[in-house]
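The values are calculated or read from the model by the stated rules, or taken from the named source; none is laboratory data. Just so it is clear, the model here is predicted, and its values are computed rather than measured. Neighbour counts are summed over all protein chains in view; Cβ atoms, including those assigned to glycine, are modelled from backbone coordinates with ideal geometry. Ligands, DNA and RNA are excluded from the accessible area calculation, which covers all protein heavy atoms including side chains. Shrake-Rupley method; radii C 1.70, N 1.55, O 1.52, S 1.80 Å.
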Amino acid sequence: MSRILRQLPQIIRSGQRAAYCSVVKTVGSTPQKAGAKLLILPTFQSVGTLGGGCVEAEARKQAAQLMQTGQRKLLQFQLDNDYGWDDGLICGGRMNIFIDLTDRPEDAELFEKMNALLDADIPAVTATVVESPDRGKLGQKLLIGLDGTRVGSLDEASLLPFAVKALETHQPQLLQSDDKTEAVYVEAALPKIRLVIAGAGHVGSALARLANFCGFHVCVIDDRPEFANAQNIPDADEIVVQDLAEALRERNIDPMTFVVIVTRGHHHDEECLHAVINSNAGYIGMIGSRRKIKLIFDDLIEMGVNPDRMTRVHAPIGIDIASKTVPEIAVSIAAQLIQVRNTQKLGGFAEALASKAAPGCEV
């Protein structure tokens, strides 16, 4: 999604017409879910995917026609014989795909603001009219930033509850009028989860590579410069050479921050866990045997840590895939990070949006 968002303002300001395609609703088994995107450039090259196969091919074909006519359209696909045979797969589900265009100059500011918010790690929500009897309303948008940013002309009050739900659940929302003639697609734009890896050894290095590929912002911390360097960890966005526990205590660890503890020994693991156990981290995981984990937990409880805090620690870390090698261990950890990122409900957005809402808006 970020690759597409980066290109949209420039395309709009250049006066070129591209097609911005979004899956806005799915029912049943489908190759992609709501939120999947495809940008068809003025050259007809593309970025992103709607799931491939016949559905994407048909969406591309119709998008190319709409780019010529200057119209927007909500496409509906029933994934049966008509859209399955070329792939050898008949999913049986339904997909709604909205074809938007880059011919509204005012949208350039909206996408520029959205990119700026994401760069500043500020969550945002966009709302887009995807169905309406008034074709002039199709594609109209509203951007709501958690910092109070507002761009667009849609009615904020009616959309705020759906904005909150989209932010908290990571799931897009489709708001339909009572008579089903109008629909607004509401989607969260969340910054990358900041993954802090304590330990730049073999597992930390392998995990940094996988996590970067899977869309995390990766920070690796270690007190050994011979390990914590760009040659050893080329895929890290940030490398910190510092005492591990000290560096963790100094960081702003919030629900958008995941912490993985994979240091070189029991003592360092315990210090790192102590440094973050009372934080608001969205995820805390620690490598080690069950015996080592119990010893560390017992030590922290003796130091005064509430035993209830231990229940939030993923230890032993990772999804059980009977991993043995370092790459396999990294895969098991990365899989768990993705699982938590995609399913964990984030809180606090209702209060934040309410405090920044326009007068008369309620969440």
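The table below lists the values:
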item	result
Filter result for GLY148 (in contact (Cβ under 8 Å) with a residue 12 or more places away in the chain, over 30 Å from VAL218 (Cβ atoms) and outside any helix (DSSP H, G or I))	no
Unique residue being closer than 20 Å to CYS21 by Cβ and either at pLDDT below 90 or open to solvent by 50 Å² or more (accessible area, probe 1.4 Å) (or both) when the list is GLU168, GLU187, GLU131	GLU131
Qualifying residue in the range 51-58 (condition: in contact with a Lys or Arg (Cβ under 8 Å, 6 or more places away or on another chain) and either at pLDDT 95 or above or open to solvent by less than 40 Å² (accessible area, probe 1.4 Å) (or both))	no
Identity of the residue in the range 329-352, loosely packed, with under 14 Cβ neighbours inside 10 Å and part of a helix (DSSP H, G or I), that ends up modelled with the highest pLDDT	GLN339
Residues satisfying the stated conditions in the range 275-289, i.e. farther than 11 Å from LEU244 by Cβ and either in a loop (DSSP other than H, G, I, E, B) or without any contact (Cβ under 8 Å) to a residue 60 or more places away in the chain (or both)	ILE277, ASN278, SER279, ASN280, ALA281, GLY282, ILE284, GLY285, MET286, ILE287, GLY288, SER289
Filter result for LEU50 (on the phi < 0 side of the Ramachandran plot and in contact with a helix residue (DSSP H, G or I) (Cβ under 6 Å, 6 or more places away or on another chain))	yes
ARG150 more than 30 Å from ILE253 (Cα to Cα) and basic (Lys, Arg)	no
Flag for GLY282 being surrounded by 15 or more Cβ atoms within 10 Å (Cβ to Cβ), modelled with pLDDT under 95 and under 12 Å from GLU270 (Cα atoms)	no
So GLY304, is it open to solvent by 40 Å² or more (accessible area, probe 1.4 Å), of a type outside the set (Lys, Arg) and at positive phi	yes
Filter result (assigned to a strand (DSSP E or B) and surrounded by fewer than 17 Cβ atoms within 10 Å (Cβ to Cβ)) within the range 3-47	VAL27, VAL47
Single residue of the range 171-184 satisfying the filter (open to solvent by 10 Å² or more (accessible area, probe 1.4 Å) and modelled with pLDDT of 90 or more) that is farthest from GLY35 (Cα to Cα)	GLU182
Qualifying residue in the range 240-257 (condition: touching a residue at least 60 places away in the same chain (Cβ under 8 Å) and closer than 22 Å to ALA322 by Cα)	no
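Table: residues versus (1) among the aromatic types (Phe, Trp, Tyr); (2) closer than 22 Å to LYS192 by Cβ; (3) modelled with pLDDT under 90.
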{"site": "GLY88", "(1), (2), (3)": "no, no, yes"}
{"site": "LEU118", "(1), (2), (3)": "no, yes, no"}
{"site": "LEU142", "(1), (2), (3)": "no, no, no"}
{"site": "THR149", "(1), (2), (3)": "no, yes, no"}
